[in-house]
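Reviewing the structure listed below.
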């Protein structure tokens with residue numbers, strides 16, 4: 001079962017900008033063929049990185065405020081957020097390994113709350 005969070009204009013700030021986890025937002029629309037091609041990749045990664053990385057989707061046709069704010073001109077557009085700030089993006093339908101590499105990079109470069117014991 002997918003762990004992707006459906007985001008709207010109303011909950012974007014709460015789900016994305018206030019997220020404790022690094023977050024990916026897939027700006028998409030149901031009529032967009034390339035958008036539908038990448039959904040299975042995000043479903044797979046959302047399961048794999050559950051509790052470490054958050055995956056979201058926002059329908060640009062139904063949520064035009066967020067689409068305007070982030071100047072979405074082409075979809076699919078994946079934007080990556082850490083601590084409420086946009087840190088990167090990927091435009092278009094790209095292979096899983098490219099998305100996976102981006103997620104791994106952001107996880108490696110994001111501070112965590114974990115305390116490492118030096119026993």
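Any read-out appearing in this document is the output of simple, stated calculations on the displayed coordinates, not a laboratory observation. On a predicted model such as this, the values are computed, not experimentally measured, just so you know. As a convention, Cβ positions derive from the backbone with ideal geometry for all residues, glycine included, and neighbour counts pool all protein chains shown.
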Mind jotting down the three principal axis lengths of region 1-67 based on Cα atoms? Whole angstrom, largest first. 29, 26, 16
If one computes the Cα centroid of region 71-91 and of region 1-63, what distance in Å separates the two points? 11
Residue order, fewest to most beta carbons within 10 Å, for 18, 100: 18, 100
Suppose only helical runs count, i.e. DSSP H with n ≥ 4. What mean residue ellipticity at 222 nm does that imply for the chain under -39500 (n - 2.57) per run, divided by all residues and rounded to the nearest 500 deg cm²/dmol? -9500 deg cm²/dmol
For residue 69 and residue 108, extending 7 Å from Cα along the Cα-Cβ vector and measuring point to point gives, in nm, a value of 3.1
Give me the one-decimal nm value for the distance between modelled label points at residue 13 and residue 62, 7 Å along each residue's Cα-to-Cβ direction. 2.2
Counting only DSSP beta bridges with both residues in the chain, what percent are antiparallel, rounded to the nearest 5? 60
For 32, 56, what ranking results if the residue with the fewest other Cβ atoms within 10 Å of its Cβ goes first? 32, 56
Modelling each spin label as a point 7 Å along the Cα-to-Cβ direction, I'd like the residue 48/residue 3 distance in nm, to one decimal. 1.2
Once you have the Cα-Cα distance between residue 39 and residue 86, take 0.36 nm times their residue separation minus that, and quote the gain in nm to one decimal. 14.8 nm
Hey, could you pull the Cα Rg and Dmax for the chain, both in Å? 14.3, 55
